[in-house]
Amino acid sequence: MRTAFITGITGQDGSYLAEFLLFKGYQVHGLIRRASTFNTRRIDHLFQDPHVDGKRLTLHYGDMSDSSRLTTLLATIQPDEIYHLAAQSHVRVSFDEPEHTGDVTGLSTTRILEAIRLVSSESKFYQASSSEMFGASPPPQNELTPFYPRSPYGASKVFSYWMTRNYREAYGMFATNGILFNHESPRRGETFVTRKITRAAARIKLGMQDKLFLGNLDAVRDWGYAPEYVEAMWLMLQADEPDDFVVATGVAATVKDFLQASFESVGLDYGKYVEFDSVYERPTEVDALVGDPTKVQTKTGWRHEVTSMELATKMTHADLESCRNPTFNDSHVWRY
Ligand code: NAP
Ligand code: F7E
């Protein structure tokens, strides 16, 4: 039985990846932060009582700021595969907390790479790199496009990208960068633009909210479906060699396109409800990110299925369900 270790298991991607790897028969270990309230909502449906025989999901308290904890955990678990997803992942917030973002999204990658080198050097390593690294470089972006990050988040991810390549080249580690473009789902954090929109559309439809305040509606993004993107993460670690891969749909849409599709899917005209608030603008915006996934398609066979407009409908309808039934979980509506 293969063993995986996931940092960021309580996040959007971590929860889908845990589901996917359990489905594949893995023993899954996840790092969770100790908090004064429960923060495991996205993985509660996967939780197994520690006293049950044959349990395949184990959660460990820890924080990416704590190198010694990472080292002792890896020394004990000796995972075949490590998926490093933990990060301060919000671009707008990274302007308010640049130092913290540099620590968690940047330096923590060095901490885990160093722990692997010292105590678990046979583990394959996946780094959650981001299209935000391309920033101001015009689309379509591929593995050869120069990085031009436009936020502390983007700059921290560039640091992590190069540390991953350096450990690959310096120590021969199986260390791969997945450069993922935006991917969304009903489990997306509520302050990212897609989820903010779909949640508002559902709440307005049900009379629970009157207005939606947004920033720049002209930004162009390449939105895919998160469950498909975690499968790409796994495929990248099954390749013969470690490498760097762009994962994207290759299809462009504006925030306004997504807004329109979401509101129309519940019979609403967004123009009646949406207002501008400059607080949601960034000091430096990334105008357009559209990826070229040719390499990952050729080398791993990965393909996307769900389009950004289908995603807008899917997420809005899931938000309608969860407004009506707060215990709603989307794990039954997709394919693993
Ligand atoms: P997310 O929902 O924001 O999840 C982030 C995870 O990191 C959460 O589990 C969070 O734990 C954990 N975390 C944050 N700080 C930590 C710390 N100091 N110690 C330990 N854990 C910590 O992000 P996501 O959308 O799933 O994205 C996963 C990864 O892919 C991130 O690295 C993100 O930057 C990257 N990425 C995402 C996208 C995208 O479109 N989603 C695209 C490209 C790259 P809590 O639950 O306790 O907060
Ligand atoms: O913004 C605009 C905003 O915060 C998308 C992260 O997962 O993907 C994500 O980063 C666009 C931007 O995602 C609001 O200005 C308008 O142009 O949903 P977002 P992001 O910044 O693209 C990358 C690939 C990652 O790696 C990140 O971790 O939407 N926008 N009005 C708004 N954005 C937000 N959040 N809120 C608004 O009200």
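The values are calculated or read from the model by the stated rules, or taken from the named source; none is laboratory data. This is a predicted model, so every value here is computed, not measured. Methodologically, a virtual Cβ is constructed for each residue, glycine included, from the backbone with ideal geometry; neighbour enumeration extends over all protein chains shown.
Of note:
- Residue satisfying all of: in the stretch 73-106; hydrophobic (A, V, I, L, M, F, W, C) and over 25 Å from LEU289 (Cα atoms); surrounded by the most Cβ atoms within 10 Å (Cβ to Cβ) among these: ILE82
- Hey, ALA75 modelled with pLDDT of 95 or more and part of a helix (DSSP H, G or I) or not: yes
- With respect to the stated conditions, LEU70 fails to be away from ligand 2 (no atom under 16 Å from the Cβ), surrounded by fewer than 18 Cβ atoms within 10 Å (Cβ to Cβ), among the hydrophobic types (A, V, I, L, M, F, W, C) and part of a helix (DSSP H, G or I).
- Being in a strand (DSSP E or B), within 13 Å of ligand 1 (Cβ to nearest atom) and among the hydrophobic types (A, V, I, L, M, F, W, C) is a property that ALA86 lacks.
- Filter result for the condition that a residue is touching a residue at least 60 places away in the same chain (Cβ under 8 Å) and polar (S, T, N, Q), over THR145, THR198: THR198
- When residues of the stretch 284-310 are limited to those that are surrounded by 19 or more Cβ atoms within 10 Å (Cβ to Cβ) and of a type in the set (Ser, Thr, Tyr), the one nearest to ligand 2 (Cβ to nearest atom): SER308
- Among the residues making up the stretch 112-137, a single one is among the charged types (D, E, K, R) and buried (at least 21 other Cβ atoms within 10 Å of the Cβ): GLU132.
- Of all the residues in the stretch 301-329, those that are in a helix (DSSP H, G or I) and within 29 Å of SER151 (Cβ to Cβ) number 10.
- Test: THR284 is polar (S, T, N, Q), over 17 Å from the mean Cα position of the chain (by Cα), more than 29 Å from ARG42 (Cα to Cα) and part of a loop (DSSP other than H, G, I, E, B): yes
- First in the stretch 5-30 and closer than 19 Å to HIS183 by Cβ, second anywhere and in a strand (DSSP E or B) and away from ligand 1 (no atom under 11 Å from the Cβ), Cβ under 7 Å, 6 or more apart: ILE6/VAL28; ALA18/VAL28; ALA18/LEU57; LEU21/ALA4; LEU21/VAL28
- Leading residue by the ranking (farthest from ligand 2 (Cβ to nearest atom)) among those in the stretch 87-145 that are of a type in the set (Val, Ile, Thr) and within 24 Å of ARG2 (Cβ to Cβ): VAL119
- Figure legend. Inter-residue proximity from the stretch 213-242: first residues on the phi > 0 side of the Ramachandran plot and in a strand (DSSP E or B), second residues crowded, with 20+ Cβ neighbours inside 10 Å and not basic (Lys, Arg), beta-carbon distance below 7 Å, spacing 6+ or different chains. No pairs are indicated.
- Restricted to the stretch 187-239, and to residues there that are more than 17 Å from PHE263 (Cβ to Cβ) and polar (S, T, N, Q), the residue that is farthest from ligand 2 (Cβ to nearest atom) is GLN238.
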